[in-house]
1. Which residue, of Arg142, Arg149, is at pLDDT below 95, under 28 Å from Lys13 (Cα atoms) and either part of a loop (DSSP other than H, G, I, E, B) or open to solvent by less than 10 Å² (accessible area, probe 1.4 Å) (or both)?
2. Restricting attention to region 6-25, which residues are farther than 21 Å from Leu176 by Cβ and either of a type in the set (S, T, N, Q) or open to solvent by less than 90 Å² (accessible area, probe 1.4 Å) (or both)?
3. Condition (residue is in a helix (DSSP H, G or I), β-branched (Val, Ile, Thr) and either in contact with an Asp or Glu (Cβ under 8 Å, 6 or more places away or on another chain) or exposed (fewer than 14 other Cβ atoms within 10 Å of the Cβ) (or both)) applied to region 108-118: is it met by at least one residue?
4. Could you please give the count of residues in region 17-46 that are on the phi < 0 side of the Ramachandran plot and either out of contact with any strand residue (DSSP E or B) (no Cβ under 6 Å at 6 or more places or on another chain) or basic (Lys, Arg) (or both)?
5. What are the pairs, 6+ residues apart or on separate chains, where a residue within region 50-61 that is surrounded by fewer than 21 Cβ atoms within 10 Å (Cβ to Cβ) has its Cβ under 7 Å from a residue that is modelled with pLDDT of 95 or more and part of a loop (DSSP other than H, G, I, E, B)?
6. Give me the pairs, please: first residue somewhere in region 122-137 and touching a residue at least 24 places away in the same chain (Cβ under 8 Å) and outside any helix (DSSP H, G or I), second residue anywhere and crowded, with 16+ Cβ neighbours inside 10 Å and charged (D, E, K, R), beta-carbon distance under 6 Å, and either six or more positions apart or on two chains.
7. Quick one: would you say Gln71 is over 24 Å from Arg133 (Cα atoms) and either more than 16 Å from the chain's Cα centre (by Cα) or at pLDDT 95 or above (or both)?
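The values are calculated or read from the model by the stated rules, or taken from the named source; none is laboratory data. Being a predicted model, the structure only gives us computed values, none of them experimental. Ideal geometry is used to build each Cβ from the backbone, glycine not excepted, and the neighbour counts take in all protein chains shown. Protein only, heavy atoms only, side chains kept; ligands, DNA and RNA dropped before computing areas. Shrake-Rupley method; radii C 1.70, N 1.55, O 1.52, S 1.80 Å.
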Amino acid sequence: MALNQQEIQNLNKQFKGISPEEIISWAIQHGKTPVVTTNFRPYEVAILHATTKVDNSIPVIWCDTGYNTPQTYKHAEELISRLELNIKLYVPKQTSSHRDAVMGIPHIDDPKHAIFTEQVKLEPFRRAMEEHRPDVWFTNLRKGQTAHRDSLDVLSLSKDGVLKVSPFYHWSDTQLDTYLQEHGLPNEHKYFDPTKVLENRECGLHT
């Protein structure tokens, strides 16, 4: 779906106050090859539930770093089964045991951290996007998560020109808690991202 910045800006004005389901329906109707990405972090269940309600066959790309907590893996398995997700799993080319032996998890100030991030997240993500070649990419980005994400909106363009759609962009944790409660959906907060370390730090997928 080819949109210029002015069209995106106009649509973002229209989409303020519109329900996530309506935004998702619009994007799926106008797109040809939509995907949704997830890492099963807290509140990811909202975007997974909302997108699959509109299209239960949509590919759900999960780039698993191999360093998730046991709670996250159990949460992921529960959601895959419960929501009948069309999961497309991508993992690093190196096992975590191999990497632990030669590198471990470098500190963010260590030059090796860039190599680590490339191995466990960026390379698998590029591989996934090259294989699926989406024109619409659903994410659960929200305002207030990082300084960079504060500069985005419901619709934005990725660096490769893919239309990113973040239907819950203007939602608070409290609003999402209500959404989860209304739909009887589980959440999981024991999540760890070895590439970010700090909650307000970008890992590179959205910059």
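1. One residue alone meets the criteria, Arg142.
2. Within region 6-25, Gln6, Glu7, Ile8, Gln9, Asn10, Leu11, Gln14 meet the criteria.
3. Our first condition is that a residue be in a helix (DSSP H, G or I); within region 108-118, this holds for 112-118.
Right, trim to β-branched (Val, Ile, Thr) and you get 115, 117.
With the extra rule that they be either in contact with an Asp or Glu (Cβ under 8 Å, 6 or more places away or on another chain) or exposed (fewer than 14 other Cβ atoms within 10 Å of the Cβ) (or both), the set shrinks to 115.
Looking for residues that are in a helix (DSSP H, G or I), β-branched (Val, Ile, Thr) and either in contact with an Asp or Glu (Cβ under 8 Å, 6 or more places away or on another chain) or exposed (fewer than 14 other Cβ atoms within 10 Å of the Cβ) (or both), one finds at least one in region 108-118, hence yes.
4. 18
5. From residues that are surrounded by fewer than 21 Cβ atoms within 10 Å (Cβ to Cβ), the pairs are Thr52/Ile58; Thr52/Leu83; Thr52/Leu85; Asn56/Glu84.
6. From residues that are touching a residue at least 24 places away in the same chain (Cβ under 8 Å) and outside any helix (DSSP H, G or I), the pairs are Trp137/Lys164.
7. Working: over 24 Å from Arg133 (Cα atoms): yes; either more than 16 Å from the chain's Cα centre (by Cα) or at pLDDT 95 or above (or both): yes.
The answer is yes for Gln71.
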